[in-house]
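Sharing a structure here in structure tokens format.
The values are calculated or read from the model by the stated rules, or taken from the named source; none is laboratory data. The structure displayed is predicted, hence computed values, not measured ones. Positions of Cβ are generated from backbone atoms using ideal geometry, with glycine treated the same way; all protein chains shown enter the neighbour counts.
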Amino acid sequence: MVRNYKRKTERQKWSQDEMASAIQEVIEGRMGYSAASQAFSVPRTTLIDRIRNSFSEEQERELVEYTLLMEHRLFGLTLFDLRPSMISLKEMASTIPSTKSRKLLVQTGFMGFLRDVLK
């Protein structure tokens, strides 16, 4: 067994707080992707992916209202039922290309949405 493991790469040395700060700066328009990634020492491509995969507050509110309405009407929604709604919200806002939207939302979007809403 290895007792004193030494990390061999410098990958993913950034913190979630740095990423959140960089995302906030880009969304508010104070910095571009490259400037924010350098200022907060986060990978530019990861920053772009995180911003493109996030819902705006209005989109999130709309999805929550729809989910609660369906629950009130006794329609139990599953992840499979919510995916088309999430994809259509993303495509209407055209924040990410539609060719990637389905795969990205299936992999990351719904879990991020649940994490944010159920806090």
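Hey, can you tell me all the residues within segment 1-18 that are surrounded by 13 or more Cβ atoms within 10 Å (Cβ to Cβ) and either over 16 Å from the mean Cα position of the chain (by Cα) or at pLDDT below 90 (or both)? Before the answer, list the steps.
From segment 1-18, those surrounded by 13 or more Cβ atoms within 10 Å (Cβ to Cβ) are 14, 18; that's our starting set.
Correct list: 14 only.
State all residues of segment 52-81 that are modelled with pLDDT of 80 or more and either touching a Leu at 6+ places or on another chain (Cβ under 8 Å) or crowded, with 16+ Cβ neighbours inside 10 Å (or both); if no residue qualifies, say none.
Across segment 52-81, the qualifying residues are 62, 63, 67, 70, 71.
Let me ask something else about it. Filter segment 22-53 down to the residues that are in contact (Cβ under 8 Å) with a residue 12 or more places away in the chain, within 26 Å of residue 89 (Cβ to Cβ) and among the polar types (S, T, N, Q) and list them by number.
46, 53
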